[in-house]
């Protein structure tokens with residue numbers, strides 16, 4: 001939920017209300033949102049960290065612009081990163097002002113993953129060791145890796161949609177759902193992206209059948225990811241000539257297995273915070289592994 005009901009401040013302040021007087025004034029100003037100091041601090045730390053990262057990315061963009069005539073190819077991804085982080089700032093604002101609108105929450109999550117992936121791509125482009133390990137590989141493996149990355153990103157979007165609509169526990173059991181293999185579901189309502197402005201989406205507005213449809217779609221997506229990434233792992237392990245390609249493929253496969261296990265744990269243990277955080281972190285590592293693999297496969301070099 002929302003730790004701070006306004007933006008960019010928190011209950012009208014630059015930091016979190018702490019003493020009794022500040023909390024009383026905040027509660028009077030926002031009677032529908034009484035102060036939860038712990039949640040408010042989490043929100044503001046996130047904002048401070050995002051602002052710091054944004055400034056660093058603006059500096060990266062400025063440096064890339066100054067060196068735009070250098071043949072390193074860093075200008076385009078750097079400017080894309082600047083544009084993305086600026087849009088992320090807007091999404092962060094809309095997340096609050098539009099009261100956790102699911103499509104905004106999902107887009108904000110995807111923007112965060114995109115920011116991470118682009119930063120990692122820039123690091124790889126600057127690393128000589130990352131640029132030389134896959135010469136001579138079958139070009140199809142590079143394309144298949146990009147497909148794998150796209151499949152994982154779609155699954156992350158489904159995960160974000162599940163979380164934003166509070167559907168993570170719509171199926172409280174596994175592998176069945178509500179003790180059925182195909183429970184009652186409402187797909188028509190489940191994936192309505194835009195419902196207008198003004199509603200409060202905290203804790204969700206969908207009925208149980210729609211939330212169940214979202215949850216089951218995320219499970220089906222996990223199966224698709226497992227099958228495709230499993231095939232990609234076997235393909236890279238058995239047919240890639242470069243040792244680092246085989247290692248990257250194995251890492252992608254291992255992270256996928258861990259991610260599926262964490263998803264199951266989320267259901268079995270009723271979404272503990274530790275498991276939910278680990279699920280997000282593992283998704284980030286999986287994206288980074290696929291980006292690393294794709295970067296190595298497209299780069300010239302001597303092979304390994």
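The values are calculated or read from the model by the stated rules, or taken from the named source; none is laboratory data. Small disclaimer: the values here were computed from a predicted structure and weren't measured. Virtual Cβ from ideal backbone geometry, glycine too; neighbours counted across all protein chains shown.
Before moving on, here are some points about what is shown:
- Set side by side, the residues 199, 237, 251, 190 differ, and just one is touching a helix residue (DSSP H, G or I) at 6+ places or on another chain (Cβ under 8 Å) and over 20 Å from residue 148 (Cα atoms), which is 190.
- Meets criteria (crowded, with 18+ Cβ neighbours inside 10 Å and either outside any loop (DSSP other than H, G, I, E, B) or touching a residue at least 24 places away in the same chain (Cβ under 8 Å) (or both)) for residue 188: no
- Restricting attention to the stretch 10-29, the residues that are more than 33 Å from the chain's Cα centre (by Cα) and part of a loop (DSSP other than H, G, I, E, B) total 1.
- Residue 107 being part of a helix (DSSP H, G or I), at negative phi and not assigned by TED's automatic domain parsing to the domain that holds residue 10: yes
- Summed over the stretch 220-240, residues that are buried (at least 19 other Cβ atoms within 10 Å of the Cβ) and part of a helix (DSSP H, G or I) total 6.
Listed here are the residues, each with its yes/no results for (1) modelled with pLDDT of 95 or more; (2) assigned to a loop (DSSP other than H, G, I, E, B).
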| position | (1), (2) |
| --- | --- |
| 124 | no, no |
| 134 | no, yes |
| 149 | yes, no |
| 159 | yes, no |
| 162 | yes, no |
| 166 | yes, yes |
| 175 | yes, yes |
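- Residue 55 surrounded by 14 or more Cβ atoms within 10 Å (Cβ to Cβ), more than 14 Å from residue 2 (Cα to Cα) and at pLDDT 95 or above: no
- Selection status of residue 199, out of contact with any strand residue (DSSP E or B) (no Cβ under 8 Å at 6 or more places or on another chain) and part of a loop (DSSP other than H, G, I, E, B): yes
- Within the option set 79, 53, 84, being in contact (Cβ under 8 Å) with a residue 40 or more places away in the chain and either in the same structural domain as residue 163 (by TED's automatic domain parsing) or outside any loop (DSSP other than H, G, I, E, B) (or both) holds for one residue only, 53.
- Single unsatisfied condition, residue 94 versus (1) assigned to a helix (DSSP H, G or I); (2) surrounded by 14 or more Cβ atoms within 10 Å (Cβ to Cβ); (3) over 22 Å from the mean Cα position of the chain (by Cα): (3)
- The one condition in (1) loosely packed, with under 15 Cβ neighbours inside 10 Å; (2) at pLDDT below 95 that residue 33 fails to fulfil: (1)
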